[in-house]
Amino acid sequence: MLDISIVIPLYNEAESLPHLFEWIERVMAENRFQYEVIFVNDGSTDNSWLVIETLKKQHSEVVRAISFRHNYGKSAALYCGFKAAQGEVVITMDADMQDSPDEIPELYRMIKEDGYDLVSGWKQKRYDNALTKNLPSKLFNATARFVTGIHLHDMNCGLKAYRNEVVKNIEVFGEMHRYIPYLAKNAGFTNIGEKVVQHRKREYGVSKFGINRFVNGYLDLMTLWFLSKFGKQPMHFFGLVGSLVFLLGFIAIIVVICMKIHALMTVGTSMLLGVNPYFHLAILAMIIGTMLFLAGFIGELVIRNSQERNRYLIDKEL
C-alpha cells in the first residue's frame, strides 16, 4: 500500500496546478514517501483538465485524475477522491495553493505515530478579508463546536489528514464537506486532532465560495445533527413532539369545555365553541400533533426498508 494519497478537488485552477504539483513532488521526494496525487476536476471551464493530462503524461506513476462533466461541488469531488485513494494516509488540500504541501509530513506523522483518526488544519493567521470571511468563519466554527462537540478552530479547513479506514467509511454528500470531522465522529472515529497550518495568499484565480456558504452551512449542520440523533429512530423525535403537542391541545379543549359549562351554570350564557379562538387553537394543536406522530411513523417505515438500517462499523472481532 502507498504511504500517502493526496486528493485535490479543483474548479478552474489551471494556473496553479503545475506549481502545486511541483511543490508536492519536492516534499514527497525529500521525505521518500510512496505516494499518489488524485486530481478531481469538478467540471472546470478553463484549461485545468489539459494541464492535468500534461502532468499525467509526465508523471504517469503518481498522477491519477477524475473529471466530472458538470460542476457538482466539493463534496462530490471528495467522495470520488476518497473512493479512489489507496494510501495508508489520505491528505486533502485545495488546489489554489493557499494550503502548503510542507505541512504534509507532520500531518502524516500525527496519523501514523500519534494515532489520530483525523487531523484537521487550523489556519490561525489568515490573509482573507476580515469582514466577509474571517468574522463569519469564526461565528460558523463557534456554532459548529457547540453543536458537534468537536473542539476544532477551523472545521472547514481544506487541509486535512485521515487514516484510510476513515475515508472508506464516511459518505460525503451535498455540501457536507464542511463537516467531515462530524461525519467521522458519527461513524465512530473519535480520535480527532488539530494542527496549526500556514495560510497563504491566493496567487492565481479567484475564490469560488460566496457568503451564501455560511447560510447553507448552518442548514447542513442542523441536518447532520438531526440525522446523528434521530436518523435511525425518527419516531423518538416526531412521536414525542407530536404526542406532547396533541396532549396540550386535548387538555386545552377540556379546559375550554369546562369554562363553557362553568359559565352556563353561573351566568346562564356563554360564548359558542365555534367562535371561541382558544377552541380552534386547541383543535389545531391536536391536528399538528397527529401529523407529527404520523410523520415519525412513516419515517420508521422508511428506515425499516432502508439498506442502511443495519449498517454498523465493526472495529475488532475475535
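Structure notes:
- Looking across segment 139-170, the residues that are part of a loop (DSSP other than H, G, I, E, B) and open to solvent by less than 30 Å² (accessible area, probe 1.4 Å) come down to 150, 152, 154, 155, 157, 158, 159, 170.
- Test: residue in segment 101-110 that is under 20 Å from the mean Cα position of the chain (by Cα) and under 19 Å from residue 180 (Cα atoms): no
- Of the residues making up segment 80-92, those that are farther than 19 Å from residue 191 by Cα and open to solvent by 30 Å² or more (accessible area, probe 1.4 Å) are 80, 83, 86.
- Residue that is touching a residue at least 24 places away in the same chain (Cβ under 8 Å), open to solvent by 10 Å² or more (accessible area, probe 1.4 Å), not in a strand (DSSP E or B) and not aromatic (Phe, Trp, Tyr), where the choices are 65, 95, 76: 76
- Segment 45-62: number of residues that are of a type in the set (Phe, Trp, Tyr) and either open to solvent by less than 10 Å² (accessible area, probe 1.4 Å) or within 19 Å of residue 100 (Cα to Cα) (or both): 0
- Candidate set from segment 171-218 (those that are exposed (fewer than 14 other Cβ atoms within 10 Å of the Cβ) and of a type in the set (S, T, N, Q)); member that is modelled with the highest pLDDT: 190
- Hits in segment 6-17 (condition: open to solvent by less than 30 Å² (accessible area, probe 1.4 Å) and of a type in the set (Ser, Thr, Tyr)): 16
- The listed residue being closer than 30 Å to residue 149 by Cα, touching a residue at least 40 places away in the same chain (Cβ under 8 Å), of a type in the set (A, V, I, L, M, F, W, C) and not in a loop (DSSP other than H, G, I, E, B), out of 238, 226: 238
- Within segment 18-44, considering residues that are in a helix (DSSP H, G or I) and open to solvent by less than 10 Å² (accessible area, probe 1.4 Å), the one farthest from residue 1 (Cα to Cα): 20
The values are calculated or read from the model by the stated rules, or taken from the named source; none is laboratory data. Because the structure is a prediction, the values reported are computed rather than measured. Using ideal geometry, Cβ is built from the backbone for each residue, glycine included, and neighbour counts are taken over all protein chains shown. Calculation scope for accessible area: heavy atoms of the full protein, side chains included, ligands and nucleic acids excluded. Shrake-Rupley method; radii C 1.70, N 1.55, O 1.52, S 1.80 Å.
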